[in-house]
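Visitor: Here's a structure for you.
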Amino acid sequence: MKAAEASRERFAINKSYSIENGYPARRRSLVDDAKFETTINKQQKQSWIEEAQRLSRDGELSEEEVFLVQSPCEPDVPQQVALVLALVDGIGSLPRIIKTIENFKGMVIHVETRPAPRKGVAFDVLFKIDILREPLLNLLKSLRQGSAIASVNLLSEHHSSIKEPWFPKHISELDVCNHLMTKYEPDLDMDHPGFADKEYRARRKEIADIAFTYKYGEPIPRVEYRPEEIATWGEVFRALERLIPTHACRQYREVWETLKKESGYSPDTIPQLEDVSKFMKRRTGFTLRPAAGLLTARDFLASLAFRVFQCTQYIRHHSSPHHSPEPDAIHELLGHAPLLADPTFAQFSQELGLASLGASDQEIEKFATMYWFTVEFGLCREGPEIRAWGAGLMSSFGELEHSLSEKPTKMSFDPAITAVQTYQDQDYQDLYFVADSIEDAQEKFRRWTFQTMSRPYEVRYEPYSQTVQTLDSVNKLEALGVALHSDVTRLNIAIHKMKF
């Protein structure tokens, strides 16, 4: 009885964060998103959509009856369930759907969208909600009456038969790693600078469609940016360039000058993803692929394992040039691209991605936090100075200045501490972690993952076939040994020639 009361109390507390137009008044972070990503997951190329449909067809009972019979929870205790909705049109109906969920006393925890491959359906949407059992039945009946919804499937965590998370094995399988976190979309978030701007929202959809239809191996379509978009880019570019010599780390400064010479970086031109991707590939093997918005942590980290960075192409709203509630091309191209063209940083990013493959939800949460405090908001020592290497800092001159001032707390980078450090994404950070160098952060991360990861196998990226191999058999280890033997032989010969 006490457990039931505690659960109801927790539900009441959570419900106090009102949902306006689909999103909680307090914004959740990448870490919160990561907690729910493998409840419904992919296994052997089977998406969570197909899994939900399969489960609803099992047996002679309806999905509601199966849920009621098998659910271990008490009827008056909220439980977490997943609803998979097939939308006939675009995501414009999401606010109304979320409002319907609220009317039946449900609390939306997590939303994912992805284009539907089926004829007659535009998008599949995954809702993770807390709800009581009886209102859930009424909610399902209500949703199925809507003309904008082709189908509704229900899956509770109790039903999920997936034991291990699916992850891509070949670079082409990143085509299905495009689940979006829709919490910051201008169509849905009333606080988004572009929410009331219909022209901006239409422009965002136009550019997002490029990512939705993009497939592995295709050249990235070019975007003809408008004057107001170029003006927004230029304002941030000029402000950042004044600070680079005194605030950016050495690796960023070196690549920055090369980008201006070879990839069209200037205050009057927004570089094209295809051109920047080719530049990065020549230097570190990293490439870009277009993304429609903020991806889930698991999908985004998985792409790094293949040295692929999922990159947005749209530009933030002109009314807020120095801040965006979501990633945009300014953040990606000014923040991330320069360091992804540095070999040491590129290796660190790929190792973080490889560690995420097959990881548990709890480990994904830690990796997402690690990413936040290093790749997004990391600082490093450079002689007696502290410099910035995080993309979130390098694409926001206000926080860049704040991070190197005396105001925030600065701690030495320690993965065991960093991975569980809480943070917020509404304002400047109160705490930053300082690594002795990017190499120092990389080595500490390696030791930490070796000591803490629960995955019972190691993975390796094979660049010639662009595949991820699981090293879980003697034959695979022998093949790796042969490849390493060749490299070690070349290393010994090179050392011998240099000495004599």
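Visitor: Quick query: amide H of His110 versus all other amide H atoms, modeled in the peptide plane; which residues come in under 5 Å with a sequence gap of 5 or more or a different chain?
Guide: Those qualifying (amide H under 5 Å, at least 5 residues apart or on another chain) are Lys128.
Visitor: Taking the highest mean first, how do the peptides 419-428, 137-146, 395-404 order by number of other beta carbon atoms within 10 angstrom per residue?
Guide: With the highest mean Cβ count within 10 Å placed first, the list reads 395-404, 137-146, 419-428.
Visitor: Moving to a separate point now. Hey, any idea what % of the stretch 198-330's accessible area is carbon plus sulfur with a 1.4 Å probe?
Guide: 51 percent
Visitor: A further question on this structure: What number comes out for accessible area per residue over the stretch 187-342 if the probe is 1.4 Å? Units Å², please.
Guide: Averaged over the residues of the stretch 187-342, the accessible area is 39 Å².
Visitor: Let me ask something else about it. Taking a probe of 1.4 Å, how large is the accessible area per residue of the stretch 393-500, in Å²?
Guide: I get 64 Å² per residue for this part.
Visitor: How many angstrom lie between the C-alpha centres of the stretch 243-260 and the stretch 452-500?
Guide: 33 Å
Visitor: Still on this model: Where a ≥ b ≥ c are the square roots of the eigenvalues of the C-alpha gyration tensor, would you call the stretch 348-500 rounded, which needs a/c under 1.5, or, failing that, prolate if a/b is larger than b/c, or oblate?
Guide: Note, shape of the stretch 348-500 comes out oblate.
Visitor: Could you work out the percent of alpha carbon pairs in the stretch 298-431 separated by over 25 Å, rounded to a whole number?
Guide: Distances greater than 25 Å cover 25 percent of the Cα pairs.
Visitor: If the chain between Glu458 and Thr269 were fully stretched, how many nm would it gain, using 0.36 nm times the residue separation less the Cα-Cα distance?
Guide: Gain on stretching Glu458 to Thr269: 63.7 nm.
The values are calculated or read from the model by the stated rules, or taken from the named source; none is laboratory data. No experiment lies behind these values; they were computed from the predicted model shown. No Cβ is skipped: glycine too gets one built from the backbone with ideal geometry, and neighbour counts run over all protein chains shown. Heads up: the accessible areas ignore ligands, DNA and RNA and are worked out on the full protein's heavy atoms, side chains in. Shrake-Rupley method; radii C 1.70, N 1.55, O 1.52, S 1.80 Å.
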